[in-house]
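Q: Handing you this structure, nothing more for now.
The values are calculated or read from the model by the stated rules, or taken from the named source; none is laboratory data. For clarity, every value in this text was computed on a predicted model and none was experimentally measured. Using ideal geometry, Cβ is built from the backbone for each residue, glycine included, and neighbour counts are taken over all protein chains shown.
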Amino acid sequence: MDLLQRLGISQPIFVAPMAGTSTPELAAAVSNAGGFGALGLGASNAETAKQAILKTQQLTDQPFQVNFFCHQPTAYDAEKAQQWINYMRPHFEEFDAEVPNQLNEIYQSFISNDELLQVVLDTKPKAVSFHFGLPTAEQISALKQAGIITMVTVTQLSEAYLAQQAGIDVLIAQGVEAGGHRGTFNPSCDAGLTTLDLVIILNQYFDLPIVAAGGIMTGEDIRLYLELGASAAQLGTAFVQCKESAANDAYRELLFEQPITQITDNISGRPARGLLNAWHQFVDLPDRPSHAGYPYTYDLAKQLHAVASKQDEQGFGAYWAGSNVANIRRLDAKELMEKLVQELQ
């Protein structure tokens, strides 16, 4: 059985599960149009995740996936955190804002949160995907026993081998062009493969279904990856501008006004591609100190953006976007799906 049949969808189009940007409305619109909707729940607690899944199930009777972060939890390093706070102090002072003296672990890993696992087992979405690594063997076993398809983001050959050995069903091949966080299991070990090269190499070494992800904006792009052996393509940035997403107006407009992206780890503590802004110009300097680690660094970034945006300065936002953002279109989710299908055919 091919991947589309197994998932119960008619089009080889996934919307990326974007934490902070995904909504039940966006997931449902994509699923209702024959694609594979998604909820990015990496920043959610168990109750928030449950409510998002239930609302999506109210909006569509079609299948969709949910996504969680599987980063290895790290202990808070007060010395490193203080060093990073001191480095960022001038940017807070620019807005006459008080500098925080403590950074928080704002995102928990699925690995250490079985409440999230229980939410998935209770609500039974069609599939669950993971970013930054793999869940535990016990968690994977529980999902398989429940008949839930498992998927994981991989960025290089070694990660795909680990996913296969763990019994994962589908590989999400994330190239370096992808917007948002790199899905590397170890952020200091990034092969930097393009989506094209990654799909080609995974197709040579694995029989598992492959979903291409990274810099894909049009139906023509999707067709290219299908011809290279992918079973489907996952698009994120193309859908951020849709009215159904949770992106704010500033984010939406910047996608069209400033379509240049760069990868940095100083916003969240892990490498991520976003629109070029103050982070890349004034913070990501060659002589900067080590950041406070993920997700503690992200806590500081969110606090800085909050104080800056209150004074109408949007330059410190985390506006994740892929490298081909200039090719996006102003369409709602249903219209975009129709356009993609038309181009694909």
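Q: Sort out which residues of the range 152-173 are closer than 16 Å to Ala38 by Cα and surrounded by 24 or more Cβ atoms within 10 Å (Cβ to Cβ), and write them in order of number.
A: Val152, Thr153, Leu171, Ile172
Q: Sticking with this structure for a sec: So for the range 24-32 (the condition being over 20 Å from Met151 (Cβ atoms) and either at pLDDT below 95 or touching a Gly at 6+ places or on another chain (Cβ under 8 Å) (or both)), does at least one residue qualify?
A: Yes: the range 24-32 contains one or more residues that are over 20 Å from Met151 (Cβ atoms) and either at pLDDT below 95 or touching a Gly at 6+ places or on another chain (Cβ under 8 Å) (or both).
Q: Right, another one. Where in the range 188-258 are there helices (runs of 4 or more DSSP H), lying wholly inside it, with at least 3 residues that are at pLDDT below 95?
A: Result: 249-257.
Q: Restricting attention to the range 72-107, which residues are basic (Lys, Arg) and either surrounded by fewer than 16 Cβ atoms within 10 Å (Cβ to Cβ) or modelled with pLDDT under 95 (or both)?
A: Arg89
One line per residue, one yes/no per condition, for (1) charged (D, E, K, R); (2) crowded, with 20+ Cβ neighbours inside 10 Å; (3) out of contact with any helix residue (DSSP H, G or I) (no Cβ under 6 Å at 6 or more places or on another chain):
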{"residue": "Ala212", "(1), (2), (3)": "no, yes, no"}
{"residue": "Cys242", "(1), (2), (3)": "no, yes, no"}
{"residue": "Glu253", "(1), (2), (3)": "yes, no, yes"}
{"residue": "Ser268", "(1), (2), (3)": "no, yes, no"}
{"residue": "Asp284", "(1), (2), (3)": "yes, no, yes"}
{"residue": "Pro289", "(1), (2), (3)": "no, no, no"}
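Q: Residue under question is Leu276, and the condition is that it be modelled with pLDDT of 95 or more and touching a helix residue (DSSP H, G or I) at 6+ places or on another chain (Cβ under 9 Å); does it hold?
A: When the stated conditions are applied, Leu276 does not pass them.
Q: Considering each residue of the range 318-335, count those that are surrounded by 24 or more Cβ atoms within 10 Å (Cβ to Cβ) and in a loop (DSSP other than H, G, I, E, B), and give that number.
A: Going through the range 318-335 one residue at a time, the tally reaches 3.
Q: State whether the residues of the range 91-106 include one that is under 30 Å from Ala29 (Cα atoms), in contact with a strand residue (DSSP E or B) (Cβ under 7 Å, 6 or more places away or on another chain) and touching a residue at least 24 places away in the same chain (Cβ under 8 Å).
A: No, the range 91-106 contains no residue that is under 30 Å from Ala29 (Cα atoms), in contact with a strand residue (DSSP E or B) (Cβ under 7 Å, 6 or more places away or on another chain) and touching a residue at least 24 places away in the same chain (Cβ under 8 Å).
Q: Just to be sure I understand, how many residues within the range 109-139 are without any contact (Cβ under 8 Å) to a residue 40 or more places away in the chain and either more than 28 Å from Ile9 (Cα to Cα) or surrounded by fewer than 18 Cβ atoms within 10 Å (Cβ to Cβ) (or both)?
A: The total comes to 7.
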